[in-house]
Amino acid sequence: MNFNLSEEHIMIRDAARDFARTELLPGVIERDNKQEFPQELVKKMGDLGFLGVMVDPKYGGSGMDAISYVLIMEELSKIDASASVIVSVNNSLVCYGLEAYGTEEQKQKYLTKLATGEFIGAFCLSEPEAGSDATSQRTTAIDKGDHYIINGTKNWITSGGRADVYLVIAQTDRDKGSHGINAFIVEKGMKGFDIGPKEDKLGIRGSDTHTLQFNDVIVPKENRIGVNGSGFRFAMKTLSGGRIGIAAQALGIASGAYELALKYSKERKAFGTEICNHQAIAFKLADMYTDIEAARMMVMKAAWDKDQGKNYDKSSAMAKLYASKVAMEHTVEAVQIHGGNGFVKEYHVERLMRDAKITQIYEGTSEIQKIVISRSLIKE
């Protein structure tokens, strides 16, 4: 086992860290307060290759591996999880889905722009009645020969108001259950495609989250991804990779909170000494660091599995389950270490605590991860 990062990986990590500290950090609290989408920063991330990290260079991507991707995600998430979730969705769900399952024409038309940041992508699976139960799609796509007509509603869509390209999961033949589901490429501006109001969220408030309405939207047949009936498998495999991105996001949130807590504990004095010298605080720091390091190993293992061409369904689910748990628990501890200062926005940890919660919910709740893991264990 080799736990050392390559020189290339260190360079990539340091570039992401520098961008996060110099570009994302200024204004991050204001963006959170105003629920402001970081439009210019997204463009800069596209220029740096962060929006098409693993995409083949022939389609405009950076051609890097999954290890590089999680290193980038961790560093961005330490500072601004709203920005990092845009990167995660664009990479893990949209670019991956198109590169792995799209036609050459679809890749040339859409992937080349998504990988460079010219376009932003959104992944549309969740509905009012279909969150964890992804087979219960109420959105329909009726086959009309040379096109489909899509009707339905999608909820909680990241980048929902800002995206240019939407990958939409819809039911074509209800009698076939999961085998009657398809995935489609829908473009912003298609007639009948309406974007609802922006959600007012607890955390990741700088990311753009909307409900989407599809009212007799005509989608050309060539915009279907994969063979007829393959949409559910497409969604599940795409989400497996997405879990690596969200696990890395959770890791970054936890790691960012730990770094702030450690720094604060060395500066704040109580009872005549820095609070890090009090066992109550020192032990919190020890627990935080240990759990974060364990989460990092799990995230890296899932990314490594993906890079090696191994089945990463179980390892990605475990990484997301554990890293999100660590993020939630230790952002709370970071606030505790900061005391009263942790409860105000100036010190950043309260925002990290709010951002952490969503990592236990989106791209498969923690309960769903346990189902994935247990089923995998039983099959082995």
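How many residues are part of a strand (DSSP E or B), more than 30 Å from Gln360 (Cα to Cα) and among the charged types (D, E, K, R) when one looks only at the stretch 189-236? Residues flagged as part of a strand (DSSP E or B), more than 30 Å from Gln360 (Cα to Cα) and among the charged types (D, E, K, R) within the stretch 189-236 amount to 2. Anything in the stretch 157-179 that is open to solvent by less than 40 Å² (accessible area, probe 1.4 Å) and without any contact (Cβ under 8 Å) to a residue 40 or more places away in the chain? List them, or say none. Gln171 - this is the single residue of the stretch 157-179 that is open to solvent by less than 40 Å² (accessible area, probe 1.4 Å) and without any contact (Cβ under 8 Å) to a residue 40 or more places away in the chain.
Looking only at the stretch 318-364, residues that are under 20 Å from the mean Cα position of the chain (by Cα), among the charged types (D, E, K, R) and part of a helix (DSSP H, G or I) come to 7 in all. Here the condition is being basic (Lys, Arg), touching a residue at least 40 places away in the same chain (Cβ under 8 Å) and assigned to a strand (DSSP E or B); of Lys154, Lys107, it holds for Lys154 alone.
Condition check: within 21 Å of the chain's Cα centre (by Cα) and either touching a residue at least 12 places away in the same chain (Cβ under 8 Å) or open to solvent by 40 Å² or more (accessible area, probe 1.4 Å) (or both). Does Lys301 satisfy that? Give the steps one after another, and end with the answer.
Working: within 21 Å of the chain's Cα centre (by Cα): yes; either touching a residue at least 12 places away in the same chain (Cβ under 8 Å) or open to solvent by 40 Å² or more (accessible area, probe 1.4 Å) (or both): yes.
When the stated conditions are applied, Lys301 passes them.
Quick grid of which residues meet (1) under 21 Å from Ile253 (Cβ atoms); (2) open to solvent by less than 60 Å² (accessible area, probe 1.4 Å):
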site: Phe271; (1), (2): no, no
site: Asn277; (1), (2): no, no
site: Asp305; (1), (2): no, yes
site: Lys314; (1), (2): no, yes
site: Met318; (1), (2): yes, no
site: Glu329; (1), (2): yes, no
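The condition (being at pLDDT 95 or above and assigned to a strand (DSSP E or B)) is satisfied by just one residue among Ala163, Ala183: Ala183.
Applying the set (1) acidic (Asp, Glu); (2) at negative phi; (3) more than 18 Å from the chain's Cα centre (by Cα); (4) at pLDDT 95 or above to Asp208 leaves exactly one unmet item: (3).
Give me a count of the residues in the stretch 180-199 that are more than 15 Å from His210 (Cα to Cα) and without any contact (Cβ under 8 Å) to a residue 24 or more places away in the chain. Talk me through it step by step, then tell me what you get.
First, pick out the residues of the stretch 180-199 that are more than 15 Å from His210 (Cα to Cα): 180-187, 189-192.
Then drop every residue that is not without any contact (Cβ under 8 Å) to a residue 24 or more places away in the chain, which leaves 187, 189.
Qualifying residue count for the region: 2.
Taken as a whole, the structure leaves Phe193 outside the set of residues that are open to solvent by less than 10 Å² (accessible area, probe 1.4 Å) and of a type in the set (Phe, Trp, Tyr). Contact map, the stretch 51-73: first residue free of Cβ contacts under 8 Å to residues at least 40 places away in the same chain and on the phi < 0 side of the Ramachandran plot, second residue open to solvent by 10 Å² or more (accessible area, probe 1.4 Å) and among the hydrophobic types (A, V, I, L, M, F, W, C), Cβ cut-off under 6 Å, separation 6 or more or different chains; pairs are Val53/Met64.
The values are calculated or read from the model by the stated rules, or taken from the named source; none is laboratory data. Predicted, not measured: the structure shown is a model, and the values here were computed from it. Every residue, glycine among them, receives a Cβ derived from its backbone with ideal geometry; neighbour counts consider all protein chains shown. Areas reflect the complete protein model, heavy atoms only, side chains present, ligands, DNA and RNA absent. Shrake-Rupley method; radii C 1.70, N 1.55, O 1.52, S 1.80 Å.
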